[in-house]
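Throughout, read-outs are computed from the coordinates displayed, never taken from laboratory work. As the structure is a computational prediction, the values presented were derived from the model and not from experiment. Here Cβ is always computed from backbone atoms with ideal geometry, including for glycine, and neighbour counts include all displayed protein chains.
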Amino acid sequence: MALIETAKVVVLVGGVGGAKLAHGLAQILPPENLTVIVNTGDDFWHYGLKICPDLDTVMYTLSGLVDKVNGWGVGGDTTRLLEALGRYGETPWFRLGDQDVATHLLRTNWIQAGERLTTITGKLNKALGVNCTVLPMTDATVSTMLDTVEQGELEFQPYFVRYRWQPTVKAIRYAGIEAATVSAEACAAILEADVIVIGPSNPWLSIAPILSVPGMRDLLVARDVPRVAVSPIVGGKAIKGPAAKLMAELGYTVSAETVVQVYGNAITGFVYDETDADLRIAGLDAVTFNTVMQSDADRASLARHILEWTLRKT
Ligand code: FO1
């Protein structure tokens, strides 16, 4: 069996659940062996700031700065800026913490100076002491757009935050994806990986944008290494967020099995929760573990179980 400590791992993630697994992997791997590729379909411009929520959730989680209750933003952050906006009659629907704004200001400055999002993400993470590699899924701008029954087409953050993911989704597209490319850094990490993990993130809102970057799925599928997804559905419910609701709205059965179906040939293995042990997952290697990460130790334990199971045959 290959040693966990020497395995090079790439993990694809979106928001809070994926960031927790990335943190588990970061606890057990040397930093040079871990690359986290992050969804940027949630990114948007707000009050002139370029905001990349999933990149920031990963960065704050890995650096230990994250707000542990919400799973995003900076712990203990204040909202004086939002209060000041309120004096002008604004009713901001997106909670921008005062410390968090520093990240958006710097990123926006650097984007406007023509720097790549990959370079900027590297600088921000390094400054906060994150030593593994965190990469955006692409340097291009991609926007996840949701066509809804009640509100028409919405950008991701208005759908998710402003309307609290309540509108009924008819269809999803990733605007700008045709012009996106896999960066040299993401390509190199995937080509060197001994294991590829897909985090317990939303298959349509977090992982599909990454897999839809032209060339990304082919690059992954061409790698003859274990490619393992972790189910974000436990006991027929999403651990957090709209995964189960979306699954039903898009016409699928709400089950961990649907996740396997949706990822198709992108994965060779599947990890689902032990409470779903009665489900029979056919057509690929599958295993159950406790996938609900309540503590830092749970994250490290799930990461270790996944890698031990994945590397057992290599
Ligand atoms: N999520 C919310 O539910 N409400 C918010 O006001 C909010 C603000 C916010 C600010 C910065 C940031 O990095 C994330 C923020 N999130 C907020 C989370 C974010 O909308 C979601 O985590 C993702 O985009 C879904 O993965």
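Restricting attention to the range 245-256 and to residues that are surrounded by 21 or more Cβ atoms within 10 Å (Cβ to Cβ) and farther than 19 Å from HIS305 by Cα, the residue that is farthest from the ligand (Cβ to nearest atom) turns out to be MET247. Within the range 150-159, at least one residue is closer than 30 Å to ILE239 by Cα, among the acidic types (Asp, Glu), out of contact with any His (no Cβ under 8 Å at 6 or more places or on another chain) and in contact (Cβ under 8 Å) with a residue 24 or more places away in the chain.
Among the residues of the range 83-124, those that are small (Gly, Ala, Ser), more than 22 Å from ALA180 (Cα to Cα) and within 25 Å of the chain's Cα centre (by Cα) comprise GLY97, ALA102. For the range 149-160, the criterion of being farther than 24 Å from TRP309 by Cβ, among the hydroxyl-bearing types (Ser, Thr, Tyr) and more than 16 Å from the ligand (Cβ to nearest atom) is met by no residue.
Of the listed requirements (1) assigned to a helix (DSSP H, G or I); (2) closer than 20 Å to VAL10 by Cβ, VAL287 misses just one: (1). Counting only strands (runs of 3 or more DSSP E) that sit completely within the range 1-47, zero hold 3 or more residues that are crowded, with 24+ Cβ neighbours inside 10 Å and of a type outside the set (Val, Ile, Thr). Only one of the listed residues (LEU311, LEU205) is touching a helix residue (DSSP H, G or I) at 6+ places or on another chain (Cβ under 8 Å), crowded, with 16+ Cβ neighbours inside 10 Å and over 20 Å from PHE160 (Cα atoms). That residue is LEU311. Out of the residues in the range 76-118 that are among the β-branched types (Val, Ile, Thr) and free of Cβ contacts under 8 Å to residues at least 24 places away in the same chain, state the one that is surrounded by the fewest Cβ atoms within 10 Å (Cβ to Cβ). For the range 76-118, the residue satisfying everything is THR91. Only a single item in (1) assigned to a helix (DSSP H, G or I); (2) touching a residue at least 60 places away in the same chain (Cβ under 8 Å); (3) near the ligand (Cβ under 9 Å from one of its atoms) is not met by ASP56, and it is number (2).
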